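Every read-out reported here was derived from the displayed coordinates using simple, explicitly stated rules and does not represent laboratory data. Keep in mind that this is a model prediction, so the values were computed, not measured. Positions of Cβ are generated from backbone atoms using ideal geometry, with glycine treated the same way; all protein chains shown enter the neighbour counts.
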Amino acid sequence: MQIDFFEEFPSEETLSKAKLMNGEFLVYIASSTISDFHRHRDMLSRISSNAKAAYWPLLRRSYWVSPFSFPEELEGLYRDLENSSPMDVLIDLELPLLRPALFLKNVPHFLENKKLIRKILGLGHRFLAAVYPATGILSESILRALGIWHPQTESCVMYYTSMIQKPAIIRWMQSAIRRRALLGHRTVGLGCLAPGIFGTEPVITTEGLKRDMDFLTEAGVKRAILFRLGGLDSEFASILCGNKKIALPGSEEKQGICADWD
């Protein structure tokens, strides 16, 4: 299994955690501009020769990408990506729960923004969409109607068990992940290793992380992306790291990470 990371708050301190990992891996670095991303990309390359940077654009006013974002920010993102060389890009498709006023403020732009997001995802980058889990046709239809489900784009289901209190919801999400894996969608987000933008997200235990990794292996998932790199410590790394050879996507078999979960 390939292990990669998200980093929402890139800095010398958070990116330095990359030194705890072996082998090749990807870090989706949150940045509000391409120039900021390039600065953090260069910082990461100085810290670890094994880590490759990927762009996670965050919008200054809207934060996440959705049809409720400010249209001028989506247009700016489109221009930036249109004028950039092909790279790995995360589009974090989430409703504006951080700024709920955007639901009303930008609803007049909803249809226009939906088309613009599809246009962004049609550019020549290697896109990954972070998405809410869906367990069937009805839930997928609702998410698609909301403009935050794009089946033509590779997606990563957010399965952050540290934030889920009810076992029934975990089982519901697991059924969705198993179904997606059977259909060939085998990337899942795990966490949280550290709080995110809300500041109150519970952190997963080492036992919880091992349990989640066991589940992903059993479900046939091939790639886990951990939220977030800044929370990585020696205990978490000891669960993820190993020395066996694994196959990395798009490359020959080589020394890699997370050997216990291949």
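Here are the numbers for this structure:
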item: Full-extension gain in nm, LEU98 to GLU12, via 0.36 nm per residue minus C-alpha separation; result: 28.4 nm
item: Candidates GLY199, GLY231, GLY220: whichever shows maximal mean-square fluctuation once the chain is modelled as a Gaussian network with Cα springs under 10 Å; result: GLY199
item: Computed helical MRE - 222 nm, the chain, DSSP H runs ≥ 4 contributing -39500 (n - 2.57), nearest 500; result: -10500 deg cm²/dmol
item: Residues PHE68, PHE198 arranged by fewest to most Cβ contacts within 10 Å; result: PHE198, PHE68
item: Overall form of segment 1-150 per C-alpha gyration tensor (a/c, 1.5; a/b vs b/c); result: prolate
item: Interchain or long-range residues, amide H under 5 Å from SER31's placed H; result: TRP56, LEU58
item: Of the GluC sites (Glu not before Pro) in segment 9-70, those whose Cβ has at most 12 other Cβ within 10 Å and which sit in DSSP loop; result: none
item: The chain - share of DSSP beta bridges that are antiparallel (%, nearest 5); result: 10
item: Sequence-distant residues sharing a close amide H with ARG228 (under 5 Å, placed H); result: LEU193, ALA194
item: C-alpha center-to-center spacing [segment 88-118, segment 146-184] in angstrom; result: 20
item: Distance between segment 67-87 and segment 9-65 - C-alpha centres, whole angstrom; result: 19
item: Label assignment, percent of Cα pairs over 24 Å apart derived from the structure, set (1) 59; (2) 47; (3) 51; result: (2)
item: Relative contact order of the chain, defined on C-alpha pairs under 8 angstrom at six or more residues apart (%); result: 23
